[in-house]
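The values are calculated or read from the model by the stated rules, or taken from the named source; none is laboratory data. These numbers were taken from a predicted model, which means no experiment stands behind them. We place every Cβ from the backbone using ideal geometry, glycine too, and count neighbours over all the protein chains shown. Surface accessibility is based on the protein's heavy atoms, side chains included, excluding ligands, DNA and RNA. Shrake-Rupley method; radii C 1.70, N 1.55, O 1.52, S 1.80 Å.
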Amino acid sequence: MGVIEQDSKRYLYVLKDGKLHEKVNEGTKGAVKRTHEADDGKVTEKWELSYNGIEGTISAIELFESDYGTNINIDIDEFTVSLKASSGYGEAFMEALPNINLGESVTLKPYLKKGTGRPSLFIQQNETTVRSAFSSYDVDTKEWSTLVEDYPQPDEKTKTKNTSEAWRIFFSMRNEWLKDYLIEKGLITTSEQATAEEL
C-alpha cells in the first residue's frame, strides 16, 4: 500500500502590471522570464505565465501571515489567488466579500485605475458587478455613504491634513478593521484557525 499524493494548488499573484502571474518551469509554452532584485541585492529569475483574470468557484479564503506582510489566499477551483491584504486588490476583495455568493462562479480581474494607476479588483458574478458591502459613492452629491455601522471613514483632521502619511495611517487602520470584521463574520479564516481545525 502507498499514499496518494494530494494535487498541489497552482498559485497566482498580482504584480505591478495589474495582471495575475503564475510561476512555472522554464520551457513552459508562453512563459516569460522575469528578473527580480531583492532589497539585499540578491537577483532571482522566474519563469511566469500571466493572465487577465480568473473565473471559478471560491472554496476557501484564508489570511496568511508571511515575512512580507498579510496575504489573502483565495482558493478558486485548482488555483490559489494570493493578494496582499494592504494592497488595493486585497482591500477591494475584502470590501466586496460579503456580497459574493461563495456557492456560485465568480470572476476576479485585477486592474490599475485610469488616471491614478491605483490597483483595484473588478469582481463580477451572474453578469453583475459586485460592489463594496461597506460604502457606496453617490455620483450626484460626490459623497460616500457608510453601509455598515462602524465602518471607518476618514475624519476631518485626516482630510484637512491631506498628507500621504495621514492617509497611510487611516487606510492601515481601516484595513485592520476589515480583516477583524470578516473573521468575526466567519467569511475569512486565519492560518492559525485553519491549523487548529485540522487537528
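From the list 44, 28, which residue is in a loop (DSSP other than H, G, I, E, B), β-branched (Val, Ile, Thr) and free of Cβ contacts under 8 Å to residues at least 40 places away in the same chain? Give the derivation first.
Details: 44 fails: in a loop (DSSP other than H, G, I, E, B).
Testing whether each residue is in a loop (DSSP other than H, G, I, E, B), β-branched (Val, Ile, Thr) and free of Cβ contacts under 8 Å to residues at least 40 places away in the same chain leaves just 28.
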Exercise for review: Would you be able to tell me the number of residues in the range 149-199 that are modelled with pLDDT under 85 and within 23 Å of residue 65 (Cα to Cα)?
Suggested key: 9
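Could you identify the single residue in 15, 20 that is hydrophobic (A, V, I, L, M, F, W, C), surrounded by 10 or more Cβ atoms within 10 Å (Cβ to Cβ), on the phi < 0 side of the Ramachandran plot and in contact with a Phe, Trp or Tyr (Cβ under 9 Å, 6 or more places away or on another chain)?
On the way: 15 fails: in contact with a Phe, Trp or Tyr (Cβ under 9 Å, 6 or more places away or on another chain).
Going through 15, 20 in turn, just one is hydrophobic (A, V, I, L, M, F, W, C), surrounded by 10 or more Cβ atoms within 10 Å (Cβ to Cβ), on the phi < 0 side of the Ramachandran plot and in contact with a Phe, Trp or Tyr (Cβ under 9 Å, 6 or more places away or on another chain): 20.
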**Study point:** Any pair with Cβ under 6 angstrom, 6 or more apart, that starts in the range 114-125 at a residue that is among the basic types (Lys, Arg) and ends at one that is outside any strand (DSSP E or B) and open to solvent by less than 60 Å² (accessible area, probe 1.4 Å)
**Key:** 118/88
Exercise for review: Answer yes or no: is there a residue in the range 184-193 that is farther than 30 Å from residue 51 by Cα, touching a Lys or Arg at 6+ places or on another chain (Cβ under 9 Å), of a type outside the set (D, E, K, R) and open to solvent by less than 50 Å² (accessible area, probe 1.4 Å).
Suggested key: no
**Study point:** Every pair of residues 6+ apart whose Cβ atoms lie under 7 Å, when the first sits in the range 152-181 and is under 22 Å from residue 92 (Cβ atoms) while the second is of a type outside the set (Phe, Trp, Tyr) and surrounded by fewer than 14 Cβ atoms within 10 Å (Cβ to Cβ)
**Key:** 152/173; 153/146
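Of the residues that sit in the range 71-83 and are open to solvent by 20 Å² or more (accessible area, probe 1.4 Å) and touching a residue at least 40 places away in the same chain (Cβ under 8 Å), which one is farthest from the chain's Cα centre (by Cα)? Even if it seems obvious, please write down each step before you answer.
Just the residues of the range 71-83 that are open to solvent by 20 Å² or more (accessible area, probe 1.4 Å), to begin with: 71, 73, 75, 77-79, 82.
Remaining after also requiring touching a residue at least 40 places away in the same chain (Cβ under 8 Å): 75, 78-79, 82.
On the way: 75: 12, 78: 17, 79: 14, 82: 6 Å.
By that ranking, first place goes to 78.
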